[in-house]
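Heads up: the structure comes next, in structure tokens.
The values are calculated or read from the model by the stated rules, or taken from the named source; none is laboratory data. If you're wondering where the values come from, they're calculated on a predicted model, not measured in any experiment. Because the Cβ atoms are built from the backbone with ideal geometry, glycine has one as well, and the counts that use them run over all protein chains shown. What goes into the accessible areas is simple: the full protein's heavy atoms, side chains included, and nothing from ligands, DNA or RNA. Shrake-Rupley method; radii C 1.70, N 1.55, O 1.52, S 1.80 Å.
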Amino acid sequence: MATTTVPDRTTGTVVGQLQYWLAVVFVIGWTGVICGGLAVQFIGREYPCPMCMVQRMFMALAALGAAVIVRKGMTRTVAARDYAMGWGLAVVGCVAGGFASWRQTMLHILPGDPGYGEPVLGLHLYVWAWILFVAAIATVGAVLAFSHSTAAGTIPATPNRLVGLVALWFLGIVLAINLVMIFLLEGFHWFLPDDPSRYQLFYDLHILS
């Protein structure tokens with residue numbers, strides 16, 4: 001008995017590609033947030049604490065989840081399981097990161113507590129992180145509520161492939177820089193100090209003393 005294939009009516013439409021483009025925004029956006037943390041670290045001379053690094057790791061997980069969708073979209077075919085896997089990982093990263101940033105916020109919630117690091121636009125970085133994690137979860141939920149019309153199975157090659165390639169390279173480079181930075185901070189030690197004040201690797205190698 002012959003089977004009939006139902007055409008994907010969302011293919012090629014702006015609304016149909018919404019989840020793919022949201023994934024691109026997730027990759028570039030969260031990578032940009034990590035870059036912001038690196039800028040504060042190197043330009044503002046503020047060393048990230050362990051809780052800060054945990055939040056960066058969950059930002060990376062959120063970006064990597066979305067990267068699954070972007071990578072599949074570059075092949076022009078994105079199955080339902082690819083969307084599910086990508087957004088599942090992204091939401092896990094955002095929920096865990098939201099808890100970590102909330103936890104750090106609660107550590108400095110008492111009146112008179114100056115908080116960790118200098119505020120940016122009136123709020124500390126971990127408060128901004130909490131806001132972004134919650135906003136990201138809400139955005140993904142809203143888009144998934146209309147997944148029947150926002151998840152095209154076929155993604156046009158132009159310009160999606162080029163944009164996706166740029167996003168993935170951006171993520172890869174920033175994550176590599178972040179890994180090197182963590183190694184510089186921890187040196188040959190298992191744990192990062194609660195209040196780091198130097199790049200320990202240079203002291204472990206006796207480059208600085």
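Probe radius 1.4 Å, ligands and nucleic acids ignored: give me the carbon and sulfur share of the accessible area of the chain as a rounded percent.
Details: 8580 of 11920 Å².
Result for the chain: 72 percent of the exposed heavy-atom area is carbon or sulfur.
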Discussion item. For a quick check of understanding: with a 1.4 angstrom probe and all protein chains in place, what accessible area in square angstrom does Arg76 have, to the nearest ten?
Written reply: 120 Å²
Item to complete: Apply the Karplus parameterisation 6.51 cos²θ - 1.76 cosθ + 1.60, with θ equal to phi minus 60°, to every residue of segment 84-91 and state each ³J(HN,Hα) to the nearest whole Hz, in sequence, with x for glycine and proline.
Response: 5, 5, x, 6, x, 5, 5, 5
Worksheet item: In vacuo Debye scattering of segment 21-78, one point per C-alpha: log10 I(q)/I(0) at q = 0.22 Å⁻¹?
Response: -0.80
Practice prompt. For the chain, build the charge dipole from Cβ charges (+1 Lys, Arg; -1 Asp, Glu) around the Cα centre, then report which of His206, Phe146, Val166 sits farthest towards its positive end.
Written response: Phe146
Item to complete: Would you please give the FRET efficiency between Ala138 and Ile43, computed as 1/(1 + (r/R0)^6) with r the Cβ-Cβ distance and R0 = 30 Å, to the nearest 0.05?
Response: 0.45
Practice prompt. Sort Trp87, Trp102, Trp21, Trp169 by accessible area with a 1.4 Å probe, largest first.
Written response: Trp169, Trp102, Trp21, Trp87
Worksheet entry | Long-range amide H partners of Val120 with built H, under 5 Å | Leu125
Discussion item. Using only the alpha-carbon atoms, what does the chain span along each of its principal axes? Please give whole angstrom values in decreasing order.
Written reply: 77, 41, 30
Item to complete: Just name one of Val91, Gln19, Gln104: the one whose Cα is farthest towards the positive end of the charge dipole of segment 8-145 (beta-carbon charges, Lys/Arg +1, Asp/Glu -1).
Response: Gln19
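Estimate the FRET efficiency between Thr77 and Leu179 by the formula 1/(1 + (r/R0)^6), using the beta-carbon distance for r and 25 Å for R0, to the nearest 0.05.
Numbers: r = 31 Å, r/R0 = 1.26.
For R0 = 25 Å, the calculated efficiency reads 0.20.
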Fill in: Accessible surface, 1.4 Å probe, highest first, among residues Met85, Met106
Met85, Met106
